[in-house]
Amino acid sequence: MTNFKEIAASLKFNSVIHNFNAGPSILPREVFQQASEAILDFNNMGLSILEIGHRTDAFQSVMDEAQSLLKELMQLNDSKKVLFLHGGASTQFFQVPMNLLDDNATGAYLDCGTWGIKAIKEAKLFGNVNVVASSKDRNYSYIPRQYTIPDDAAYFHYTTNNTIEGTQVAGIPDTHVPLVADMSSDILSEEMDFNRFSLIYAGAQKNIGAAGVNIVVVDEAILGKVNRKLPTMMDYREHIKNGSMLNTPPVFAVYVCMLTLRWLKKQGGVAGIQKINDQKAGLLYSTLESLPMFRLPVPIEDRSKMNVVFTMPDVETEKEFLSVCKSNGMYGVKGHRSVGGFRISLYNALPLSSVEAITDLIKDFAQKKG
Ligand SMILES: *Cc1c(COP(=O)(O)O)cnc(C)c1O
């Protein structure tokens, strides 16, 4: 009888495939292997991870390890609580103001792209929104620098990395207003003082794991201040009290996160992966900049290290480049429909070798088109 280990070992991963998908996106291959083993036999229990109770010791230890790894990798202090919730990052667009923004209070927001726009729309359902700055005037291709966050704002919300537009906020805004950040597409990709934030949220499917779970890191001190009744499932305090198991958590998605966090720790944690991420982004941007055929819409200081956006002078050449990518096993390079052109995502799990492969292809293409 063939056992699962042999099946997993016999799975042939085509080495010429390079996955630049924007999300869901590439995860470490060892995570795929371990996750598939756990579906067939979890921890040598003879049971699948999909058929055991979430309150078993076996799953409890997955949840505990996932939470403690995240705390360790983000170097969080004890007032920060780690939750694994349902509903994707998009649910946080309204769960955040529901928990933090009173009817007559004001939330300050940075309007920097597609995801931020959605967060602003939802916040308006609960209180006042003050858009302190916007980059709409230039199709969201840059990060505004000059703005004031009002002292009396309940919080300041921004998207650290604009996945679609290919921009990223450098550094942390200097304010004493509580910071709330959507870090869906760059969480754990570079070192930063995560303790500066009162609330961080991120859909797992870009840098941390499988779709179906989102991570919320919240400082307990900011909770319980709104004058509003909250549905139990929407109340962060209830989730904290219940160890992120108020109801059945997305068990498999949490497990995949835990495996990816273990992998990240082995890479030297955030500092270790940042070195490779810097190399990856540096190589791709410098290659694109050296070739006049490619246009980079984002100014250098605002460029995302996770999502590299570029266009070409005409649609015909773009089509040609896309088909060259396809025939060379380069997946997920087409730009978002709202921006056009190309987007190459360089999340943590993407190896440097994939970036080397696509830069070689880019140079080759440019030379041939001369
Ligand atoms: C992908 C993404 C989202 C949406 O995440 P869902 O989990 O699909 O709701 C929100 N914000 C950012 C920055 C994203 O990249």
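Read-outs throughout are calculated quantities, based only on the coordinates presented, and are distinct from any laboratory measurement. It should be emphasised that the depicted structure is a prediction, and the values quoted were computed from it without experimental measurement. Heads up, the Cβs are rebuilt from the backbone with ideal geometry, glycines too, and the neighbour counts pull from every protein chain shown.
Using C-alpha pairs under 8 Å with a sequence gap of at least 6, the mean separation divided by the residue count of the range 53-266 gives a relative contact order of 27 percent.
Please work out whether the range 136-200 counts as rounded, prolate or oblate from its C-alpha gyration tensor, where a ≥ b ≥ c are the square roots of the eigenvalues and a/c under 1.5 means rounded, while otherwise a/b larger than b/c means prolate and anything else oblate? Could you put the intermediate results ahead of the total?
Numbers: a/c = 2.01, a/b = 1.15, b/c = 1.76.
Oblate, because a/c is 1.5 or more while a/b does not exceed b/c.
Peptides 344-353, 16-25, 251-260, ordered by how many other C-beta atoms sit within 10 Å of their residues on average, highest first, read 251-260, 344-353, 16-25. Gyration tensor over the Cα atoms of the range 195-352: the corresponding equivalent ellipsoid has semi-axes (square roots of 5 times the eigenvalues, largest first) of 38, 18, 17 Å. Stretched out straight at 0.36 nm per residue, the stretch from residue 220 to residue 57 would grow longer than its current Cα-Cα span by 56.0 nm.
Bin width 5 Å, alpha-carbon pairs only: give the P(r) of the range 269-368 as whole percents, running from 0 to the bin holding the largest distance. Over the range 269-368, the share of Cα pairs per 5 Å bin runs 2, 12, 25, 27, 20, 9, 3, 1, 0 percent. For the range 168-239, the equivalent ellipsoid built from the Cα gyration tensor has semi-axes of 23, 19, 8 Å, listed from largest to smallest.
Evaluated with a Cβ-only charge set (Lys, Arg +1; Asp, Glu -1), the range 53-266 carries a dipole of roughly 420 debye about its Cα centre, given to the nearest 20. In plain terms, the chain from residue 367 to residue 45 could stretch by 110.3 nm, reckoned as 0.36 nm per residue minus the Cα-Cα distance.
Inter-label distance, residue 247 to residue 64: 2.6 nm, where each label sits 7 Å from its Cα along the C-beta direction.
Under 15 Å from the 7 Å Cα→Cβ point of residue 75, by amide nitrogen: which residues of the range 248-284? Answer for this model: 268-275.
How large is the helix-only mean residue ellipticity at 222 nm for the chain, computed as the sum of -39500 (n - 2.57) over DSSP H runs with n ≥ 4, divided by its residue count, in deg cm²/dmol to the nearest 500?
Working: 10 runs with 135 residues, N = 370.
So the calculated ellipticity at 222 nm is -11500 deg cm²/dmol.
Farthest toward the positive end of the dipole of the chain, out of 335, 211, 222, is the Cα of 335, where the dipole comes from beta carbon charges about the Cα centre.
Taking the mean number of other Cβ atoms within 10 Å as a proxy for protection, how do you rank 267-276, 302-311, 85-94 from highest to lowest? Walk me through the numbers on the way to the answer.
Numbers: 267-276: 16.3, 302-311: 23.7, 85-94: 19.8.
The peptides rank, most packed first, as 302-311, 85-94, 267-276.
With each label modelled as a point 7 angstrom along the Cα→C-beta vector, the residue 138-residue 191 pair spans 3.0 nm. For the range 23-67, the list of GluC sites (Glu not before Pro) that fall in a loop by DSSP and count at most 12 other C-beta atoms within 10 angstrom is empty.
The label point for residue 338 and the one for residue 125, both projected 7 Å from the Cα toward the Cβ, are 1.8 nm apart.
Residues in the range 263-301, backbone N under 15 Å from the label point at residue 324 (7 Å along the Cα-to-beta-carbon vector): list them, ranges by number please. Label zone hits: 287-295. Length available on full extension from residue 170 to residue 237: 0.36 nm per residue minus the Cα-Cα distance, which gives 21.0 nm.
Pair-distance distribution P(r) for the range 53-266, from all Cα-Cα distances in 5 Å bins starting at 0: 1, 7, 16, 20, 21, 16, 11, 6, 2, 1, 0 percent.
Nearest 20 debye, what's the magnitude of the dipole of the chain about its Cα centre given +1 on Lys and Arg Cβ and -1 on Asp and Glu Cβ? Write down the numbers at each step before the final one.
Values: 36 positive and 39 negative charges, 122 e Å.
So the dipole magnitude of the chain works out to roughly 580 debye.
A straight line joining the Cα centroids of the range 325-350 and the range 203-250 runs 32 Å.
At 37 °C and a viscosity of 0.692 mPa s, what translational diffusion coefficient does Stokes-Einstein give for the chain, taking Rh as the Kirkwood radius over Cα pairs? Give it in µm²/s as a whole number. Can you show the working numbers first?
On the way: Rh = 21.7 Å.
In µm²/s, the coefficient rounds to 151.
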